[in-house]
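Student: The following block contains the structure, expressed as structure tokens.
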Amino acid sequence: MSGDHASLPIAARVRRLEQRLIDAGLTTDAELDSAVTEFLSQASPTNGARVVARAWTDDAFRARLLTDANTALRELGLSMGGGLQEQRLKVVENTSDRHNVIVCTLCSCYPLALLGPSPSWYKYEAYRSSVVRDPRAVLAEFGLRLDQDVEITVWDSSAETRYMVLPRRPDNTAVMSEEDLAALVTREGLIGTAAV
Ligand code: FE
């Protein structure tokens, strides 16, 4: 990639690549549009919530998810790519003494397929820089006050690797169905800015 090319805004670079594929007869505008529309129509935090609820109710699935999330997702008919290039997913588990939160310090990389479109604050410089410097204070701003003895790990996403948080299962949910458990899980819980 030439320096000139790399200095273009990402949208212009994507458009240039698309045009080259179209010129080469490999695809069409209509095909590209329908692939993106299909991907976005299925990208939603309800996907991430389903994964979490399964992990809470099936220890073997949880173990597979933490070891190789991309493979485990397919058991629920999900994938990170939606037919497009698949990114590596790492699922990070909250415990009684460890809390995880995700960010992309460079731009706004995010597990779109599982969480849907990212919230606007996720893309803001303020979040991206301060969550790395002082995660405890940033989480408190989101209303999540963690005990001092809970260690916080900040995971920095990249073009190749995305992260999703596996929140702790709330107390007093032993009798709930997997579907009802999934309804408890929020987008912020999957990012790590909320407990669930
Ligand atoms: Fe990014």
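Student: Does the range 31-48 contain any residue that is in contact with a Ser or Thr (Cβ under 9 Å, 6 or more places away or on another chain) and within 16 Å of the ligand (Cβ to nearest atom)?
Tutor: Taking every residue of the range 31-48 in turn, none turns out to be in contact with a Ser or Thr (Cβ under 9 Å, 6 or more places away or on another chain) and within 16 Å of the ligand (Cβ to nearest atom).
Student: Let me ask something else about it. Is it the case, given these coordinates, that Tyr110 is surrounded by 18 or more Cβ atoms within 10 Å (Cβ to Cβ) and assigned to a loop (DSSP other than H, G, I, E, B)?
Tutor: It is true that Tyr110 is surrounded by 18 or more Cβ atoms within 10 Å (Cβ to Cβ) and assigned to a loop (DSSP other than H, G, I, E, B).
Student: While we're here: From (1) in contact (Cβ under 8 Å) with a residue 12 or more places away in the chain; (2) closer than 25 Å to Pro9 by Cα; (3) surrounded by 13 or more Cβ atoms within 10 Å (Cβ to Cβ), pick out the condition that doesn't hold for Asn100.
Tutor: (2)
Student: From the list Val51, Val91, which residue is assigned by TED's automatic domain parsing to the domain that holds Thr173, under 13 Å from Leu114 (Cβ atoms) and assigned to a helix (DSSP H, G or I)?
Tutor: Val51
Student: Taking into account only those residues within the range 68-87 that are among the charged types (D, E, K, R) and part of a loop (DSSP other than H, G, I, E, B), which is modelled with the lowest pLDDT?
Tutor: Filtering the range 68-87 for residues that are among the charged types (D, E, K, R) and part of a loop (DSSP other than H, G, I, E, B), the one modelled with the lowest pLDDT comes out as Glu86.
Student: A further question follows. Taking the options Ala137, Ala174, Ala126, name whichever one is within 16 Å of the ligand (Cβ to nearest atom), surrounded by fewer than 17 Cβ atoms within 10 Å (Cβ to Cβ) and hydrophobic (A, V, I, L, M, F, W, C).
Tutor: Going through Ala137, Ala174, Ala126 in turn, the sole match is Ala126.
Student: May I pose another question? Kindly list, by first and then second residue, each pair from a residue in the range 140-169 that is within 16 Å of Ala69 (Cα to Cα) to a residue that is of a type in the set (S, T, N, Q) and within 16 Å of the ligand (Cβ to nearest atom), limited to pairs with Cβ atoms under 8 Å and residues at least 6 apart or on different chains.
Tutor: Glu160/Gln87; Thr161/Gln87; Arg162/Gln87; Tyr163/Ser157
Listed here are the residues, each with its yes/no results for (1) farther than 13 Å from Ile191 by Cα; (2) among the basic types (Lys, Arg); (3) in contact with a strand residue (DSSP E or B) (Cβ under 7 Å, 6 or more places away or on another chain).
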{"site": "Ala113", "(1), (2), (3)": "yes, no, no"}
{"site": "Ser118", "(1), (2), (3)": "no, no, no"}
{"site": "Val132", "(1), (2), (3)": "yes, no, yes"}
{"site": "Arg136", "(1), (2), (3)": "yes, yes, yes"}
{"site": "Ala140", "(1), (2), (3)": "yes, no, no"}
{"site": "Gly143", "(1), (2), (3)": "yes, no, no"}
{"site": "Trp155", "(1), (2), (3)": "no, no, yes"}
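Student: Could you count how many residues in the range 74-111 are over 16 Å from Thr193 (Cα atoms), under 15 Å from the mean Cα position of the chain (by Cα), more than 11 Å from the ligand (Cβ to nearest atom) and among the hydrophobic types (A, V, I, L, M, F, W, C)?
Tutor: Matching residues across the range 74-111 total 3.
The values are calculated or read from the model by the stated rules, or taken from the named source; none is laboratory data. Note that the structure is predicted; figures quoted are calculated from it, not measured. When we count neighbours, we look across all protein chains shown, and the Cβ atoms used for this are built from the backbone with ideal geometry, even at glycine.
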